[in-house]
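Contents: one structure, followed by commentary.
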Amino acid sequence: MGQARAVVQKKELPISDTESSQEEIKPLAERIADLQAIYQLKQAIIQARLNEFESFWRDADNFRLFEELVFCIFTAGASAKMGLNCIERIRTYFVDSDPRQTDSRRIA
């Protein structure tokens, strides 16, 4: 049986920043400035969302925190809509489940 071979194309990269041209650096500096400007515009919205997460963490019971964890796991490879659908479908298992049961409906 033959072995597969990968062809790798070499690209020489600059050893130091002094070897980079000013043309390459300028767009990066402009992009950073653009991001900083956008952040300044959205800073209040970002802070409000962070405050929501903080209050959720502080005020939620263990069930809600666990449900949020499961939502995050479900949405990792999908969409928020899919995560919400999954949570709705399995919520009864969380609520109705008795850890002493061996019912096949229970999540192990």
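Bear in mind these aren't lab numbers, they're just calculated from the coordinates by the rules spelled out. Computed from a predicted model, the values in this text were never measured in an experiment. A quick note on method: Cβ atoms are made from the backbone with ideal geometry, for glycine too, and the neighbour counts reach across all protein chains shown.
How much net charge surrounds Phe74 when only the other residues with a Cβ under 14 Å from the Cβ of Phe74 are counted, with Lys and Arg +1 and Asp and Glu -1?
Values: positive: Lys81, Arg89, Arg91; negative: Glu67, Glu68, Glu88.
Once all neighbours under 14 Å are counted, the net charge is 0.
Using a Förster distance of 25 angstrom, determine the FRET efficiency expected from the C-beta separation of Ile73 and Phe53, and round it to 0.05.
Details: r = 17 Å, r/R0 = 0.67.
The computed FRET efficiency comes out at 0.90.
Residue by residue, what Karplus-based ³J(HN,Hα) values in Hz, rounded to whole numbers, does the stretch 73-83 have, using 6.51, -1.76 and 1.60 with θ = phi - 60° and x for Gly and Pro?
Once rounded to whole Hz, the list reads 5, 5, 8, 4, x, 9, 9, 4, 4, 5, x.
For the pair Ala60 and Tyr93, how long in nm is the line joining their label points, each one 7 Å along Cα→Cβ?
That separation, rounded to one decimal, is 1.9 nm.
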